[in-house]
Amino acid sequence: MAGLKILPPLEPGDLLLLDGGMSTQLSRYVTGVDEDPLWTARSLVEHPDKVEQCHMDFINAGARIILTDSYQISEQGFKDHLSLDSKATRDVIVKSVQIARTAVTKCGRPDNYILVGGSIGPYGACQHDGSEYTGDYIRNGSVTKDDLVKWHRPRIEALSKAVVDFMAVETQPTWQEAIAILDCIAEVDPVVPVWVTFTVKNETSLANGESIKDAISHVMRHPLYGSGRIFALGVNCCSPKVITGALDSIRAVNRSLPLVVYPNSGEEWDGAERCWKGVPQVWDECVSDWLKRGTIIFGGCCRVDSDQVMQLRVSVAKALMKQLR
């Protein structure tokens, strides 16, 4: 798609591979990840070498963007399950960035060749009840915007202190929480770029049923967008089969920013039984459609490991060659 507005940290001509699902990759080395209320975050404390190895696996598979293992870190969660105080929790968040940087160095990649994004998952991800896929805590009013800004602030402050290349506001089930996070970033860090990705339930609706078009419109009205700090929009942690239509919904509102796509395998998470169900879907034929719509960052989320990221690299190359014919 021609005419995209390329903003830092991206550069003209970029077509980048993102990493895959940390939980899936980490499960190769650590048992019980999906059952853990802290999910992958516990390993930052108990198995940091395994987290580093996961980053290296994705880099060696071709990823040029890796996200920190901070998606499911919260002060309350670390207090309840690891008996860590606020300072210690923030130190672990800083450590998540350092581990990612070390992985880049150990893989022998040049400076600035690999982008390290600070992962900011939704409030629901830390509740360990699947509510990141519903946003029920917004719908039922149990969590206010002020609550969300306060809750997200420690992680955002720590990621800013550690100097990530950008912040990944990801897997957002509602526009309200995305805006709260953007407000917090604007208060904490004066320069860091941001991407915003939503999790969707179908081609037109966010996970909580709100309109994708409305969500993107709200993001575009935020001061960070007006100042050029939001450099990409997209979808993640959803079924591959709904992504093309979801991208069309985004493009109905915004035709200038690059898109980022990182779906799940196509299986679905059962929050009650704490397991994945269903059958993985084949993405290969979808990649060309995503590329045509201006996607320049491709990766995977849950149930997507480094082997699948390597396969995705081939799919993107084939799709690009097809378009250049």
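The values are calculated or read from the model by the stated rules, or taken from the named source; none is laboratory data. Computed from a predicted structure; not experimentally measured. Cβ coordinates were reconstructed from backbone atoms using ideal geometry, including for glycine residues, and neighbour counts include every protein chain displayed. Side chains are part of the model used for accessible areas, which takes the heavy atoms of the whole protein and leaves out ligands, DNA and RNA. Shrake-Rupley method; radii C 1.70, N 1.55, O 1.52, S 1.80 Å.
Which of the residues belonging to the stretch 103-140 are free of Cβ contacts under 8 Å to residues at least 60 places away in the same chain, open to solvent by 50 Å² or more (accessible area, probe 1.4 Å) and more than 18 Å from Ala41 (Cβ to Cβ)?
Thr105, Lys106, Gly108, Arg109, Pro110, Asp111, Asn112, Tyr113, Asn140
Of everything in the stretch 248-275 that's at pLDDT 95 or above and within 16 Å of the chain's Cα centre (by Cα), which residue is farthest from Leu15 (Cα to Cα)? It would help to see each step written out before you state the result.
Step one: list which residues in the stretch 248-275 are at pLDDT 95 or above, which gives 248-263.
In the following step, the residues that additionally are within 16 Å of the chain's Cα centre (by Cα) were identified as 258-263.
Values: Pro258: 10, Leu259: 11, Val260: 10, Val261: 12, Tyr262: 14, Pro263: 17 Å.
Among them, the one singled out is Pro263.
Tell me, yes or no, whether the stretch 183-198 has at least one residue that is out of contact with any Cys (no Cβ under 7 Å at 6 or more places or on another chain), part of a helix (DSSP H, G or I), touching a residue at least 24 places away in the same chain (Cβ under 8 Å) and of a type in the set (Gly, Ala, Ser).
There is at least one residue in the stretch 183-198 that is out of contact with any Cys (no Cβ under 7 Å at 6 or more places or on another chain), part of a helix (DSSP H, G or I), touching a residue at least 24 places away in the same chain (Cβ under 8 Å) and of a type in the set (Gly, Ala, Ser).
Please determine, by comparing only the residues of the stretch 5-44 that are of a type in the set (A, V, I, L, M) and part of a helix (DSSP H, G or I), which one is most open to solvent (accessible area, probe 1.4 Å).
Restricting attention to the stretch 5-44, the residues satisfying the condition of being of a type in the set (A, V, I, L, M) are 6-7, 10, 15-18, 22, 26, 30, 33, 38, 41, 44.
From what is left, the residues that are part of a helix (DSSP H, G or I) are 22, 26, 41, 44.
On the way: Met22: 30, Leu26: 0, Ala41: 0, Leu44: 1 Å².
Once the filter is applied, the top-ranked residue is Met22.
Please name all residue pairs, on different chains or six or more residues apart, with Cβ atoms under 8 Å, provided the first residue is in the stretch 64-91 and is over 19 Å from Ala168 (Cβ atoms) and of a type in the set (A, V, I, L, M) and the second residue is open to solvent by 30 Å² or more (accessible area, probe 1.4 Å) and assigned to a helix (DSSP H, G or I).
Leu82/Arg42; Leu82/Val45; Leu84/Val45
Scan (1) under 23 Å from Val304 (Cβ atoms); (2) open to solvent by 30 Å² or more (accessible area, probe 1.4 Å) for the single condition Trp195 breaks and write down its number.
Single failed check for Trp195: (2).
Consider Pro154 against the criteria (1) surrounded by 23 or more Cβ atoms within 10 Å (Cβ to Cβ); (2) within 28 Å of Val191 (Cα to Cα): it satisfies all of them except one. Which criterion is unmet?
(1)
Could you tell me whether any residue of the stretch 141-148 is open to solvent by less than 60 Å² (accessible area, probe 1.4 Å), out of contact with any strand residue (DSSP E or B) (no Cβ under 6 Å at 6 or more places or on another chain) and closer than 20 Å to Phe231 by Cβ? Working first, answer last.
First, the residues of the stretch 141-148 that are open to solvent by less than 60 Å² (accessible area, probe 1.4 Å): 141, 143, 148.
With out of contact with any strand residue (DSSP E or B) (no Cβ under 6 Å at 6 or more places or on another chain) added as a condition, the list becomes 141, 143, 148.
Right, trim to closer than 20 Å to Phe231 by Cβ and you get none.
Looking for residues that are open to solvent by less than 60 Å² (accessible area, probe 1.4 Å), out of contact with any strand residue (DSSP E or B) (no Cβ under 6 Å at 6 or more places or on another chain) and closer than 20 Å to Phe231 by Cβ, one finds none in the stretch 141-148, hence no.
Quick check: is even one residue across the stretch 276-296 of a type outside the set (Lys, Arg), at pLDDT 95 or above, over 19 Å from Lys201 (Cα atoms) and in contact with an Asp or Glu (Cβ under 8 Å, 6 or more places away or on another chain)?
Within the stretch 276-296, one or more residues are of a type outside the set (Lys, Arg), at pLDDT 95 or above, over 19 Å from Lys201 (Cα atoms) and in contact with an Asp or Glu (Cβ under 8 Å, 6 or more places away or on another chain).
Would you check if there is a residue in the stretch 60-68 being more than 22 Å from Ile156 (Cα to Cα), among the charged types (D, E, K, R) and under 17 Å from the mean Cα position of the chain (by Cα)?
Of the stretch 60-68, the ones more than 22 Å from Ile156 (Cα to Cα) are 60-64.
Okay, now just the ones that are also among the charged types (D, E, K, R), so 64.
Checking the rest, the ones that are also under 17 Å from the mean Cα position of the chain (by Cα) come to 64.
Yes; the residues of the stretch 60-68 include at least one that is more than 22 Å from Ile156 (Cα to Cα), among the charged types (D, E, K, R) and under 17 Å from the mean Cα position of the chain (by Cα).
Taking the conditions exactly as written (assigned to a helix (DSSP H, G or I) and in contact with a helix residue (DSSP H, G or I) (Cβ under 6 Å, 6 or more places away or on another chain)), does Val92 satisfy them or not? Let's see the steps before the verdict.
On the way: assigned to a helix (DSSP H, G or I): yes; in contact with a helix residue (DSSP H, G or I) (Cβ under 6 Å, 6 or more places away or on another chain): yes.
Answer is yes for this residue.
Report, by residue number, each residue of the stretch 216-264 that is in contact (Cβ under 8 Å) with a residue 40 or more places away in the chain and of a type in the set (Phe, Trp, Tyr).
Phe231, Tyr262
Could you tell me which of the residues Ile73, Ile99, Ile59 is among the β-branched types (Val, Ile, Thr), open to solvent by less than 30 Å² (accessible area, probe 1.4 Å), in a helix (DSSP H, G or I) and in contact with a helix residue (DSSP H, G or I) (Cβ under 6 Å, 6 or more places away or on another chain)?
On the way: Ile73 fails: in a helix (DSSP H, G or I); Ile59 fails: in contact with a helix residue (DSSP H, G or I) (Cβ under 6 Å, 6 or more places away or on another chain).
On inspection, the qualifying residue turns out to be Ile99.
Of all residues in the stretch 230-267, how many are part of a loop (DSSP other than H, G, I, E, B), open to solvent by less than 10 Å² (accessible area, probe 1.4 Å) and under 19 Å from Lys5 (Cβ atoms)?
Summing the residues that are part of a loop (DSSP other than H, G, I, E, B), open to solvent by less than 10 Å² (accessible area, probe 1.4 Å) and under 19 Å from Lys5 (Cβ atoms) in the stretch 230-267 gives 3.
Yes/no per residue for (1) under 18 Å from Thr174 (Cα atoms); (2) out of contact with any Phe, Trp or Tyr (no Cβ under 7 Å at 6 or more places or on another chain); (3) assigned to a strand (DSSP E or B):
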| residue | (1), (2), (3) |
| --- | --- |
| Gly228 | no, yes, no |
| Trp269 | no, no, yes |
| Val279 | no, yes, no |
| Ile296 | no, yes, yes |
| Gly300 | no, no, no |
| Arg303 | no, no, no |
| Gln308 | no, yes, no |
| Arg313 | no, yes, no |
| Leu320 | no, yes, no |
